[in-house]
Amino acid sequence: MADECDVLIIGAGPAGLMLGCWLARTGVKTRIIDRRASKITRGHADGVQCRTIEIFQSFGMADRIEKEGNELAEVVFYNPDQDGNLVPTSRIPDTEPNTSRFRHRVLNQGRIEDFLIDCMKTGGLTVERSISPLSLELSDSTTENHPVTVKVQHLIPVEEASDPSSGLYRSNILSDEEFNRSASKGGKIESIKAKYVVGCDGARSWTRNQLGFSLEGDSANIYWGVMDARPITDLPDVRVKVVLHSADSGSLLIVPREQNLVRFYIQMGTLQPGEKLDASAQSPEKIIESARKILAPYTLECPEVQWWSVYEIGQRLCKDVSFRNRVFLAGDAFHTHSPKGGQGMNVSMMDSYNLGWKLAACAKGIASPSILDTYGGERVEVARELIEFDHKVSRLFSGKPAVAESEGVSMEEFQALWIRMGKWTSGTAVKYDPSLVMTESTAAKTELAKNIIVGSHFESHMVVCYADAHAVQFADRLVADGRWRLIVFAGDLGRPNQLQRFNDFCSRLTNAHDSPIKKYTPPDADLNSVIEVLTLTSSPRKALSYSAFPELARPFVGRFRYPTYDQIFSDELSYLDGGGEAYSGYGVDPNGPGCVVIVRPDQHVADVLGFEGCVEKSGRFFDGFMMHV
Ligand code: FAD
């Protein structure tokens with residue numbers, strides 16, 4: 001008898017684990033399998049973007065990255081001067097001011113995966129290791145509840161794929177055959193039937209191959225080495241990020257890591273078209289030797305190398321990411337690029353952050369499967385931008401700099417690109433286009449909230465919780481639990497007129513037959529269980545007593561009808577932690593008519609509406625995809 005689940009995730013890297021977090025949190029019956037016997041502990045990705053930390057915060061675990069990750073404060077560019085000597089030419093902040101409430105950090109991928117695994121566990125989901133898929137079939141039946149069947153084999157590990165200090169087995173210079181050789185031998189075979197299957201199985205994705213999809217793109221015929229070490233060097237800037245072009249010996253990127261480790265990316269050589277790099281000829285000594293040449297006259301000793309690898313630069317994209325809205329690809333399974341931009345792990349997790357709430361809603365029958373079309377529409381575009389960025393940066397990074405009158409890459413052009421892309425590389429610039437779950441941006445919406453951009457994520461400002469006077473980051477209330485939010489900028493409730501408007505609006509949202517809350521909240525469920533209303537007043541707490549707010553703003557929940565205390569906030573100065581600038585930060589007039597912002601479960605702003613007509617308009621928006629349970 002085949003085991004049944006709602007979602008089967010193949011691959012427990014960052015993309016698979018992030019998806020697992022969503023599904024575990026939302027109570028979706030899920031299995032997550034990985035062919036490796038153990039997770040990685042060293043090396044691989046290490047850059048964690050601001051937006052990724054915001055997402056971790058939505059699962060309540062940003063503090064773990066903040067505590068263990070090293071904050072990157074500065075980037076220094078080293079270039080050859082007129083005589084070819086390496087000199088620092090400029091310094092910029094690594095995270096642009098006001099990008100996010102979090103800052104760019106670095107921490108090894110293994111720890112990031114640990115946090116995700118712990119988060120999944122709180123929802124009862126664990127990774128099943130040493131399991132490899134053998135076949136995938138999708139039934140043509142439209143009535144079958146679990147139409148995808150994946151036959152899997154439990155593996156008996158023969159030995160670990162390689163020495164943990166070598167990342168060659170994950171590098172793109174090894175073929176599939178070489179990669180598979182030592183992995184394991186087969187054991188028990190099992191069939192799993194699922195409503196949905198997601199291939200998060202990395203750059204060599206088995207799932208992608210089953211679907212007959214392919215990665216398209218090119219390779220630059222340039223190879224780089226990467227290593228983690230505690231270096232001994234007279235380069236004075238080894239504890240900040242260094243972007244270095246030497247006159248003749250290639251380029252290098254230095255990223256200071258946690259526990260005084262340093263990640264080096266080192267340009268090593270070029271290949272002839274069609275030439276394959278000999279993996280067996282690579283070694284940490286060779287990488288260090290290349291680094292020394294580039295850094296000279298600065299010295300470099302690395303008595304211990306914790307992890308190293310060699311990879312060939314290339315950018316590839318698979319334009320198809322779903323098959324009949326039943327089988328999906330996420331992460332490196334549909335986009336690969338060079339690691340230096342520090343993007344892959346972040347973008348991979350964001351793919352599944354985008355997919356997770358949609359799959360959960362469909363698996364539970366809350367939303368129409370047509371919302372799944374928006375996954376590819378939204379994420380392929382981001383992957384395309386990532387690849388374009390990586391293509392440009394990689395080529396400028398690997399190019400010989402123009403020194404004195406010589407031809408080459410302009411260092412000014414390279415730095416300008418780096419700076420221009422700062423917001424994008426922080427992950428905060430992603431903006432989704434209009435779709436079933438995203439409305440169009442208009443001048444009228446911008447007029448209501450000048451700094452809230454339809455399509456972008458809802459940014460954070462400090463506000464004060466009405467009930468307990470705590471200062472809180474507003475976006476911290478956008479917890480990843482699958483609920484939509486209506487954020488009501490209520491305005492100045494000290495003015496009787498505005499209070500009346502607000503009360504009328506809440507009353508319609510609670511009672512009108514066309515209100516999305518009325519329509520899509522099951523009759524016996526809590527008022528905030530599908531769509532949660534968060535209210536932000538511009539008036540101070542003393543202007544109106546907490547108990548004077550309508551029930552919609554402070555619903556009573558659970559079997560015992562407990563009161564809620566965390567849905568109403570005011571924009572005022574807190575006792576100890578600042579605040580009082582949220583209305584101006586969001587660009588909403590504190591003395592104006594107010595407005596309502598519809599925020600998706602993944603924190604992206606889907607619409608901005610005035611009070612008048614909001615119930616009907618938001619009702620029509622939700623009617624486009626919500627289903628009655
Ligand atoms: P993967 O991490 O590749 O995970 C895929 C998982 O699927 C693995 O656990 C694998 O065992 C499993 N799997 C594969 N095939 C099967 C199968 N047939 N059956 C079952 N399981 C399977 N990104 C950043 O964001 N920031 C960085 O600073 C950064 N630096 C990097 C440095 C290096 C040296 C490298 C190599 C990469 C770096 N990246 C970085 C990229 C990042 O590591 C990847 O983009 C990211 O790991 C992709 O996540 P994923 O979950 O899609 O795939």
task: Would you check if there is a residue in the range 21-31 being buried (at least 20 other Cβ atoms within 10 Å of the Cβ), in a loop (DSSP other than H, G, I, E, B) and within 16 Å of the ligand (Cβ to nearest atom)?
output: no
Total residues in the range 206-253, condition within 12 Å of the ligand (Cβ to nearest atom), touching a Pro at 6+ places or on another chain (Cβ under 8 Å) and of a type in the set (A, V, I, L, M): 2
query: Scanning for something closer than 30 Å to Y196 by Cα, more than 14 Å from the ligand (Cβ to nearest atom), touching a residue at least 60 places away in the same chain (Cβ under 8 Å) and among the charged types (D, E, K, R), does the range 71-94 turn up at least one residue?
result: no
- prompt: Which one is modelled with the lowest pLDDT among residues in the range 148-171 that are surrounded by 19 or more Cβ atoms within 10 Å (Cβ to Cβ) and in a loop (DSSP other than H, G, I, E, B)?
  reply: A161
- prompt: Of A512, A525, A553, A471, which residue is among the small types (G, A, S) and closer than 30 Å to T52 by Cβ?
  reply: A471
Identity of the residue in the range 95-113, in contact (Cβ under 8 Å) with a residue 24 or more places away in the chain and surrounded by fewer than 20 Cβ atoms within 10 Å (Cβ to Cβ), that ends up farthest from F474 (Cα to Cα): G110
- prompt: What residue, of F56, F77, is of a type in the set (F, W, Y), surrounded by fewer than 23 Cβ atoms within 10 Å (Cβ to Cβ) and not in a loop (DSSP other than H, G, I, E, B)?
  reply: F77
field: Residue that is surrounded by the fewest Cβ atoms within 10 Å (Cβ to Cβ) [pool: residues in the range 605-627 that are farther than 20 Å from L478 by Cβ and either more than 30 Å from the chain's Cα centre (by Cα) or of a type in the set (K, R) (or both)]
entry: G613
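The values are calculated or read from the model by the stated rules, or taken from the named source; none is laboratory data. Note that the coordinates shown come from a computational prediction; the quantities given were computed from them, not determined experimentally. Cβ: placed from backbone, ideal geometry, glycine included. Neighbour counts: every protein chain shown.
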